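One structure is given here, and the rest of the page talks about it.
The values are calculated or read from the model by the stated rules, or taken from the named source; none is laboratory data. In this text, all values refer to a predicted model and were calculated from it rather than measured experimentally. Backbone-built Cβ (ideal geometry, glycine too); neighbour counts: all protein chains shown.
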Amino acid sequence: MSVTMTLRRAVTPIVPALVVLGFFVWFSNWIPQTRWEPPKARAISAQMTPAELARIGAVLTRERGCLTCHTIEPNAGLKGQGRGPNFAGIASRRAKGVTGGPSDLAGYLAQSLYEPGVYLVEGYANIMPASQRPPAKLTYEETTAVVDYLMSLGGTPTAKIGDLSRPSSEAARTPSAAAAPTAAGATNATALLDKHNCLTCHAFKTGEDRPGPPLALAALRENAAARGLSLDAYLIESIVQPRAFVRGGFPPDLMPDEYGTQLTAGDLHAIIAYLSSPEPKP
Amino acid sequence: MALEGNGEMHNRAASSNCIAACAVAAVLLMLGTDLSLAQVTSATPSYAEPARIDSRLTVWIAAQLHLMFAAFVLAVPMFALYIECMGWRLAKRDRASAERYDWLAHEMARLLPPAYSLTAITGAFLGFALFAAYPGFMGYMTKIFGPTFVVYPLFFVAETVCLYFWYYTWDRLQGTRKWVHVLLGILLNVFGTIVMFIADAWATFMMTPAGVDQAGNLVDLYAAVWNPGWMPLNVHRLVANITFGALLCAAYAAYRFLLAATHEERALYDWMGYTGNLIALFTMLFLPFAGYYFGFELFAFSATYGVTLMGGVLSWLFIIQAIVIAALFIGAAYYAWLGFLRIPGSEPQQRWVPAFNIILILGFMVWATPHTMAASIEESTGGFHPLLGALGLMAPKMIAVTVILLVLYVSYILYRHAGRILTVSWANVGSAVQWGLIVLTAAAIVGLGVYGYFAPAHIRIQTSIWQILVLIGGIVITFVLDQFLLAGARTQAEVRWGTMPRRGQYVLIALAFIIVWLMGLMGYARSAVRLNWHIFGLMEDTSAGAGLPSLGEAAVVITAITLIFFVLLAVSFAISSLSARSQAGHAAVPGPAAV
């Protein structure tokens, strides 16, 4: 048998396969081509006006992926076909903040970015990562710009650099800003724990025979690390979506999943501040 | 038999394998010891450009090639051992069938030693590339996973030893000593699976890190290993690897069929190709669910993954994936339908083929409908597609994919009935009940999907689980019924093995290329979804070119990887087949009987 013949016998069977692969390559090049680039740091100075910040915020909102879940669909209602609330008209909708949480628009928007699970708009799941965490990873200045942009959707941007509070994890790094839970706050939290019968299933000490995991600070920290979240974010998730992450062989469906709607943002804050504080507990 | 006259060549091959295996072990041990001593205190990357090569591209190619060879050597022993056990079970009552199954298992295992060498070589190359180009990242990974880096080579060496003993003692450990051979096969599979599970822990930690604090310091190694993505990826890879390995074996059989000089040889390789395709079709039934399981866990870890994959920058990738999987499913089904031609008296079953084809194509059109079609970053807004609307939602897709799987299953049932006449007294009633149940299964799947479409998201997820359970339940019940229906069935004519048209073999070879390309695509997806993060949320990729290429560019690289993989595989098979030329071979193996 000649070399050409042998070669033909060897190559012919793979020709259809190569045609199929060729089609895949053609199709992959035929569809719209997008090269994704990592977000670039933007120069934001403290002297910028809210309007200037809002313009930067508009770019950041698109670049950092906010619009993969939220939409800006005027006249499409609150939902606006998105996985998160519609941004269109948010400034007029939330001009007075939320009950139990910040009572001003800028404060509410900042809290929604820093701790999106604290106040969940009805009908939405707790899926948004905190804005200072990946993938958005907004700096404080960038957060201010985004808040200004959102304020411009149905209102007027007013926030300047320094006007908004910083995220709690950032504040905790500054000793002067570290807010220790007050005695009143602790009393309020223990009353809330009693009211919602939390201590029926949980204990503050490890090793006690309870159906739910212990609330000892060390155990909570360990679980938060296992979940890959900050302690605050882990506690919020555990209260609002208790089935999202269960560790240590505890029954996954024991804890009711309605605390997200029963607790106000203020209540949730009080409980989390109490549980995450190092002060001795009964 | 396999070793006669070829001892030197085999010894040389085995020694090269051992050197490669030792190289992998050395790299990992080096990483596990030297690097763990390095003072890597935080999750900060550092970069190098050895020999001015494109580090990213080099690691991409090396990692993907290694994964492909590793998938092959992990999967083939699983079903080869299963087939060997089938033969062993038949040894006393049907010696001819036992010998045939043993031949098939050995023929599949024959592909392993050369593939194992390439697994080890590409693994060593990957290790060196990562170590040289990404020292900061590798240092951090060693700090977290140091103990596993030490354990991994031990299992790898144990797997190597078992593989070579299992393969090279095939003829010696026959008869009463067969159980020792089977035991070696079991050990090989256990060690291989452990090796994969360990490597999966590293890969999934990069996607869903756990067991570390916010600064990246290790808190709990167990949690780092058993991170949220670990078990879903283990399951997905186990299933996908079997599909992958089976299709590669089928392609090998197709090639041998086309080059066969005698009818007996063609008959045997026709049977081997059929078996490979059957295994692939069976495991394909579970692949979409394994994929959804992995996807659900990723979404639960971070919603960002879900939107990046389905509604963001990678949404078009899943259109490509749907087209590739459609080609895979339709190709495998087409080969199965062509198989009717080998069976005299299968005309009643062949009538269904056009209808099945239409259902498959329509199903894939729905599956390929995207939630969002973003033509640019600016368009990645998460809304519905302006023309296709809500067809891109999960509920219609779940109906489509589940019905596709049901059609594939029904194809298999028809194949079982082709050329056979039922003899049980209740055949008519039994057939009516069987088809009634199949129709009921389809109706329940569609009904649940329609209900889920209108229900809130958390209910929709539950209905999709029910759809899967209904499908599995329907399959199990109707298959058991089928076993009773076919009991004592009269065969109109024997299956004419070796008469499969040549186009059937071309399809099998094309399927192997498609599955390799698909694996390359999904490997890219898994890596690309992390965007500019080495370890999601912990270690950012700050190197130049940390973004993503366009899908067109990615497709070119994936195609290049696919071709390199097949060239390497073909060369290694060709070298190994030189040693097999002098075998007495197939003449001694009885031809396959009717299925």
Scan the stretch B:522-552 residue by residue and report those that are assigned to a helix (DSSP H, G or I) and either in contact (Cβ under 8 Å) with a residue 40 or more places away in the chain or more than 8 Å from chain A (Cβ to nearest Cβ) (or both).
B:M522, B:G523, B:Y524, B:A525, B:R526, B:S527, B:A528, B:L551
Among (1) over 28 Å from the mean Cα position of the chain (by Cα); (2) among the basic types (K, R); (3) under 30 Å from B:L259 (Cβ atoms), where does B:R420 come up short?
(3)
For the stretch A:51-67, indicate whether the set of residues that are buried (at least 21 other Cβ atoms within 10 Å of the Cβ), part of a loop (DSSP other than H, G, I, E, B), at pLDDT below 85 and touching a Cys at 6+ places or on another chain (Cβ under 9 Å) is non-empty.
no
Of (1) surrounded by fewer than 17 Cβ atoms within 10 Å (Cβ to Cβ); (2) outside any helix (DSSP H, G or I); (3) of a type outside the set (V, I, T), B:P209 fails just (1)
Failed criterion for B:T478 (all others in (1) surrounded by fewer than 16 Cβ atoms within 10 Å (Cβ to Cβ); (2) over 25 Å from the mean Cα position of the chain (by Cα); (3) within 30 Å of B:Y274 (Cα to Cα) hold):
(1)
Give the residue that is surrounded by the fewest Cβ atoms within 10 Å (Cβ to Cβ), with candidates limited to residues of the stretch A:16-44 that are farther than 24 Å from B:V529 by Cβ and at the interface with chain B (Cβ under 8 Å from one of its Cβ atoms).
A:L18
Among the listed residues A:L138, A:L113, identify the single one that is more than 19 Å from A:H269 (Cβ to Cβ), in contact with a Ser or Thr (Cβ under 6 Å, 6 or more places away or on another chain) and surrounded by 19 or more Cβ atoms within 10 Å (Cβ to Cβ).
A:L138
Filter the stretch B:273-330 down to residues that are in a loop (DSSP other than H, G, I, E, B) and within 12 Å of another protein chain (Cβ to nearest Cβ) and give me whichever is nearest to B:T243 (Cα to Cα).
B:L314
Filter pass, B:T463 being crowded, with 18+ Cβ neighbours inside 10 Å, at pLDDT below 85, more than 14 Å from every other protein chain (Cβ to nearest Cβ) and more than 25 Å from A:P134 (Cα to Cα):
yes
(1) in contact (Cβ under 8 Å) with a residue 40 or more places away in the chain; (2) of a type outside the set (K, R); (3) on the phi > 0 side of the Ramachandran plot; (4) more than 14 Å from every other protein chain (Cβ to nearest Cβ) all hold for A:G97 apart from (1)
Which one is farthest from B:I477 (Cα to Cα) among residues in the stretch B:410-440 that are free of Cβ contacts under 8 Å to residues at least 60 places away in the same chain, among the β-branched types (V, I, T) and surrounded by 15 or more Cβ atoms within 10 Å (Cβ to Cβ)?
B:V410
Among the residues of the stretch A:95-110, is any assigned to a loop (DSSP other than H, G, I, E, B), buried (at least 21 other Cβ atoms within 10 Å of the Cβ), modelled with pLDDT of 75 or more and among the small types (G, A, S)?
no
Does the stretch B:506-516 contain at least one residue that is hydroxyl-bearing (S, T, Y), out of contact with any Lys or Arg (no Cβ under 8 Å at 6 or more places or on another chain) and assigned to a helix (DSSP H, G or I)?
yes
Go through the stretch B:82-183 and tell me which helices (runs of 4 or more DSSP H), entirely inside it, have 3 or more residues that are within 30 Å of B:D220 (Cβ to Cβ).
B:112-133, B:135-168
Of (1) loosely packed, with under 15 Cβ neighbours inside 10 Å; (2) within 14 Å of chain B (Cβ to nearest Cβ), A:T71 fails just (1)
Does the stretch B:481-502 include one or more residues that are out of contact with any His (no Cβ under 6 Å at 6 or more places or on another chain), in a loop (DSSP other than H, G, I, E, B) and among the charged types (D, E, K, R)?
yes
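Taking the conditions exactly as written (within 15 Å of B:M78 (Cα to Cα) and either in contact (Cβ under 8 Å) with a residue 24 or more places away in the chain or more than 14 Å from chain A (Cβ to nearest Cβ) (or both)), does B:V180 satisfy them or not?
Numbers: within 15 Å of B:M78 (Cα to Cα): no; either in contact (Cβ under 8 Å) with a residue 24 or more places away in the chain or more than 14 Å from chain A (Cβ to nearest Cβ) (or both): yes.
Here the answer is no, as B:V180 does not meet what is asked.
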Please indicate, with yes or no, whether at least one residue in the stretch B:232-247 is more than 9 Å from chain A (Cβ to nearest Cβ), in contact with a Lys or Arg (Cβ under 8 Å, 6 or more places away or on another chain) and assigned to a helix (DSSP H, G or I).
no
Filtering the stretch A:113-130 down to residues that are without any contact (Cβ under 8 Å) to a residue 60 or more places away in the chain, within 14 Å of chain B (Cβ to nearest Cβ) and under 26 Å from B:H534 (Cα atoms) yields A:P116, A:I127, A:M128, A:P129
Complete set of residues in the stretch B:158-173 that are more than 25 Å from the chain's Cα centre (by Cα) and in contact (Cβ under 8 Å) with a residue 40 or more places away in the chain:
B:Y168, B:W170, B:D171
Are any of the residues in the stretch B:379-396 modelled with pLDDT under 85, more than 21 Å from B:S464 (Cβ to Cβ), over 23 Å from the mean Cα position of the chain (by Cα) and away from chain A (no Cβ under 14 Å)?
yes
Determine whether the stretch A:170-181 contains at least one residue that is within 14 Å of chain B (Cβ to nearest Cβ), at pLDDT below 75 and touching a helix residue (DSSP H, G or I) at 6+ places or on another chain (Cβ under 9 Å).
yes
